[in-house]
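The values are calculated or read from the model by the stated rules, or taken from the named source; none is laboratory data. Bear in mind the structure is a predicted one, so any value in this text is a computation, not a measurement. Here the Cβ is made from the backbone with ideal geometry for all residues, glycine too, and neighbour counts use every protein chain on show.
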Amino acid sequence: MAAKKKPTVAIVMGSKTDWPVLEFTVKTLKEFDVESTVKVMSAHRTPHEASEFAENASKNGYKVIIGAAGGAAHLCGVLAGHTTLPVVGIPVKGWALDGMDSLLSTVQMPKGVPVATVAIGKAGAINAAILAVQIMALSDVTLKRKLVAYKKKMAKDVLKADAELQKELEA
């Protein structure tokens, strides 16, 4: 029996209610055979645990942290403030402002504490996984090959859709 691969991406969400968005991140990482750990931690309700997790992430084998939060969305900033690892932030729609509050809270970081912020919701969840893979592919040729194949498949799918549309328009 093959040993399970050690997770290299940590996914930290501010609330379990963020899972319907974050499951797209996990699914996308699995397409690249990248293992992840998924945790619920709050910048406001469990600040010590979130800080400790980020401080130890590198020595625990993680290469990238993906954070997601709605509302005030301070989680990614707390994680980024306690690690030298790249942090990718996913703004999640909260109870107000259709996710714009989360977007601004995630993207507006002070100098020296970057959070690479992606789109709100599902597209952002998928893009966060792709960005994590791209970061790790800088030093992993297998991941780089998988990324090249992924991009080629996307292009092929678009060209196929265009060909189908052109046939419909000719009819």
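The table below gives the values:
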| read-out | value |
| --- | --- |
| Pairs, first assigned to a loop (DSSP other than H, G, I, E, B) in the stretch 33-52, second surrounded by fewer than 17 Cβ atoms within 10 Å (Cβ to Cβ) and among the basic types (Lys, Arg), C-beta under 7 Å, six or more apart | Glu35/Lys5; Glu35/Lys6 |
| Conditions (1) touching a Cys at 6+ places or on another chain (Cβ under 9 Å); (2) assigned to a helix (DSSP H, G or I); (3) not basic (Lys, Arg); number of the one not met by Met109 | (2) |
| Every residue from the stretch 123-136 that is out of contact with any Pro (no Cβ under 9 Å at 6 or more places or on another chain) and crowded, with 18+ Cβ neighbours inside 10 Å | Ala125, Ile126, Asn127, Ala128, Ala129, Ile130, Val133, Met136 |
| Selection within the stretch 58-77 - at pLDDT 95 or above and either more than 21 Å from Val21 (Cβ to Cβ) or part of a strand (DSSP E or B) (or both) | Ser58, Lys59, Asn60, Gly61, Lys63, Val64, Ile65, Ile66, Gly67, Ala68 |
| Residues of the stretch 113-141 classified as closer than 23 Å to Glu35 by Cβ, touching a residue at least 12 places away in the same chain (Cβ under 8 Å) and outside any loop (DSSP other than H, G, I, E, B), total | 14 |
| Test: residue in the stretch 103-122 that is closer than 23 Å to Val26 by Cβ, of a type in the set (A, V, I, L, M, F, W, C) and exposed (fewer than 14 other Cβ atoms within 10 Å of the Cβ) | no |
| Any hit, the stretch 61-78, residues being over 16 Å from Met13 (Cα atoms) and among the hydrophobic types (A, V, I, L, M, F, W, C) | no |
| Residue in the stretch 71-78 that is surrounded by 13 or more Cβ atoms within 10 Å (Cβ to Cβ), on the phi < 0 side of the Ramachandran plot, aliphatic (A, V, I, L, M) and in contact with a helix residue (DSSP H, G or I) (Cβ under 6 Å, 6 or more places away or on another chain) present | yes |
| Test for Gly94: is it at positive phi and either under 12 Å from the mean Cα position of the chain (by Cα) or at pLDDT below 95 (or both) | no |
| Residues located in the stretch 101-119, provided they are of a type in the set (Ser, Thr, Tyr) and closer than 20 Å to Gln134 by Cα | Thr117 |
| Ala10 over 24 Å from Leu147 (Cα atoms) and buried (at least 20 other Cβ atoms within 10 Å of the Cβ) | no |
| Residue under evaluation Ala80, criteria (1) closer than 28 Å to Leu143 by Cβ; (2) of a type in the set (A, V, I, L, M, F, W, C); (3) outside any helix (DSSP H, G or I), criterion not met | (3) |
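Matching residues to (1) under 12 Å from the mean Cα position of the chain (by Cα); (2) of a type in the set (A, V, I, L, M, F, W, C):
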{"position": "Glu35", "(1), (2)": "no, no"}
{"position": "Lys39", "(1), (2)": "no, no"}
{"position": "Thr46", "(1), (2)": "no, no"}
{"position": "Gly61", "(1), (2)": "no, no"}
{"position": "Thr84", "(1), (2)": "no, no"}
{"position": "Leu104", "(1), (2)": "no, yes"}
{"position": "Gln108", "(1), (2)": "no, no"}
{"position": "Gly121", "(1), (2)": "yes, no"}
